[in-house]
Amino acid sequence: MQALQVPTTAVTGQVDQEATPGYSAHVIAMRSGPPLAQRIEIAISTIERLIEDGHGLVMTLSAGKDSSSTTLLCLEAIRRSVVRGVNQAMHFVSSSSTSVENPEVEDMLLTAHEDIARWTELHKLPVDVRLVHPNDASKFVVSVIGRGTLPRFVENGSKRSCATDWKVKPQQRLAKSISEKVLAAGFKETVTVLGSRLDESTTRNGSMTKRGDQAQKPNRNPSGFLTLSLIADWTESDVWEFLIMFLDGQIAPFPAYAQGETVRRMLDLYRDGNEGTCGMFMADGKKAPCGSRFGCWTCTITGDRDKSMDSMLNSDEKYSYLRGLNAFRNFLIATQWDMGRRELVGRSISSAGFVPVRPDVYNMAMRTDLLKFALTLDELEVERAEQVEADVVSGRLPKSPENTRMSNPQFQIVSDSDIVLIDFFWSLHHGAYSAFPAMEIWYQVKTLGRRYAIPAIEKVPKMAGIPQVRWYQVDAFDRDVPTDGLRDYKAEMWNAYRHPERLITHREVSGKRVVWHENAETLSVNATEAVLFGITYCTTNMPMATQFYTPLESARFWLNEGIVKLPAGMVGRYQHMAKRAQYFTHLAERLNVTPAELDKYLIQESISDEAHAEIVGNAPEATEDQFSLFEL
């Protein structure tokens, strides 16, 4: 292999910018070629040995600088092994799409997938490209807008369950499936190649060291998978120096799927996300690193600001379409401590038949606002894309690759399947007023053209302490009003006629009848039926007709028609949710009160934590800095 060199001038030894056409500011302080060249060859040789030893590879690609580097190194090792005639397993490029990634990063990822697929087909490499998604019920819009689950803020974000549900678990499910296929084909278990580096941060260094992550020897992680941190000992400068070599084919260390434009776009994005500066460029000086971190646009763990998003919006008008997403995220931050947007009714029943009363998840009013904002942003993005397309066709804008890309919507927050699950969860909530509560908002925005702007509000200050839990007696959700939950009397009569193929007209849980439903591995939606129903709802008189039905009617409908499928063996949980919603709906009807008035009633009629503890025979939990709900 030739030594890796950067074009320099004979007189000054400075980087020759003219030798890198299309990029006026090139790398400023390239380390000498041999050390990095050796690192590259060591990494490739490490992967080649794993291939020769019979292991399959899983390359985890996020389209960032580190994962792109490891993927390039692995693909080159696979290519060399093919040239040498090595019998090797099928390898996989695996990526996660959370549906709330920064749209620019998401587009880079999908483009990389296309480039890799073409490259591996051209060179006949045994590589398959896969894209995984979180379960429907785990997605941000379903979890936060549908169920009201609070996002991960700084105060509760240490475990980052969002990353686990959206990225780790889907990747692990895929890795398990891939490993089983590779083993069945007679090869050894797969090795997942990571882009983690020791110098990323003190925290990352500590966790990698604790796990024993290495660059040349696979390590078994806590989940039982073999992993390899191929560039663990590379610095950020090493990574950028390596990637910049692909800007100019004359100095590329080896042929690869990443062409000059691919790397150039990555460099631009990192610089735009780093307040317009990047120490890898001559024009930016040596002061700024180039390690911008791009996460989900909904991420609230970063605190008051999403620095990379703010930087992008300030650096170039081409990112202006992201302003609405940033405003949505900032609204979540501003309302974190607004207890008026929280639901008071707890979700479990104590042994004495009481439910807790204390601000918890988002209430229906907050969820409604969030859905209106999200659907509005989706429609505005469609309108923006259509305007760009019209401008290109009319000649007002040139037909460039960038304008062609931007003539398509760059994000969709709420899909047809998402709105069905959101509606299903809302139908199981006492704050909903009628059947199909989320579909009604879908109709307002999609069909009637209503738009809901995200207000720019002052951040509600953090509360000094937490609310003291109180308890309201419900017995088995039958103390003051009746409930039957998911039982559907009409469906029991009609199913024999509408669905004669079914052997039964209903199902049972704990000896009680509930609506007929299908089971699946997880809570899921029949995507085709969801689309068809959405069209039907928006083009008929359903929005008006269903106003006279109770919310539970739509929950039963989704299940009885097989559009929503429940996790096997979990119908009891959803029956509990249904009875809880129905109980408080009936209670509000009996008292003739609004949801806000119902909250005041529950606070007034509930008992203290100490009184509840005496009833159940347990001492109250010791908590710090509590305040009374009567003060809300």
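The values are calculated or read from the model by the stated rules, or taken from the named source; none is laboratory data. Please read these numbers as outputs of a predicted model, since none were measured by experiment. Cβ placement follows ideal geometry from the backbone for every residue including glycine, while neighbour counts extend to all protein chains displayed.
Okay, here's what the table says:
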{"read-out": "Of all residues in region 379-411 being touching a residue at least 60 places away in the same chain (Cβ under 8 Å) and within 27 Å of GLY146 (Cβ to Cβ), the one that is surrounded by the most Cβ atoms within 10 Å (Cβ to Cβ)", "value": "GLU381"}
{"read-out": "Top-ranked residue in region 302-326 [being touching an Asp or Glu at 6+ places or on another chain (Cβ under 8 Å) and polar (S, T, N, Q); ranked as farthest from ASP268 (Cα to Cα)]", "value": "ASN326"}
{"read-out": "Complete set of residues in region 533-572 that are assigned to a helix (DSSP H, G or I) and of a type in the set (D, E, K, R)", "value": "GLU553, ARG556"}
{"read-out": "Only listed residue being at pLDDT below 95 and of a type in the set (A, V, I, L, M), chosen from VAL469, VAL474", "value": "VAL469"}
{"read-out": "Filter result (of a type in the set (S, T, N, Q), closer than 24 Å to GLU402 by Cβ and in contact (Cβ under 8 Å) with a residue 24 or more places away in the chain) within region 290-336", "value": "SER308, SER311, ASN314, SER315, ASN326"}
{"read-out": "Of all residues in region 399-457 being of a type in the set (D, E, K, R) and within 24 Å of the chain's Cα centre (by Cα), the one that is nearest to ARG367 (Cα to Cα)", "value": "ASP423"}
{"read-out": "Complete set of residues in region 159-201 that are among the hydrophobic types (A, V, I, L, M, F, W, C), touching a helix residue (DSSP H, G or I) at 6+ places or on another chain (Cβ under 6 Å) and either more than 12 Å from THR60 (Cα to Cα) or surrounded by fewer than 22 Cβ atoms within 10 Å (Cβ to Cβ) (or both)", "value": "LEU198"}
{"read-out": "Long-range neighbours under 7 Å by Cβ, at least six apart or interchain, first residue not assigned by TED's automatic domain parsing to the domain that holds ILE47 within region 173-190, second in a loop (DSSP other than H, G, I, E, B) and buried (at least 19 other Cβ atoms within 10 Å of the Cβ)", "value": "none"}
{"read-out": "Where LEU397 falls short, out of the listed (1) more than 30 Å from VAL345 (Cβ to Cβ); (2) in a helix (DSSP H, G or I)", "value": "(2)"}
{"read-out": "Residues located in region 191-210, provided they are without any contact (Cβ under 8 Å) to a residue 12 or more places away in the chain and either closer than 17 Å to PRO222 by Cβ or of a type in the set (Ser, Thr, Tyr) (or both)", "value": "SER201, THR202, THR203, ARG204, GLY206, SER207, THR209, LYS210"}
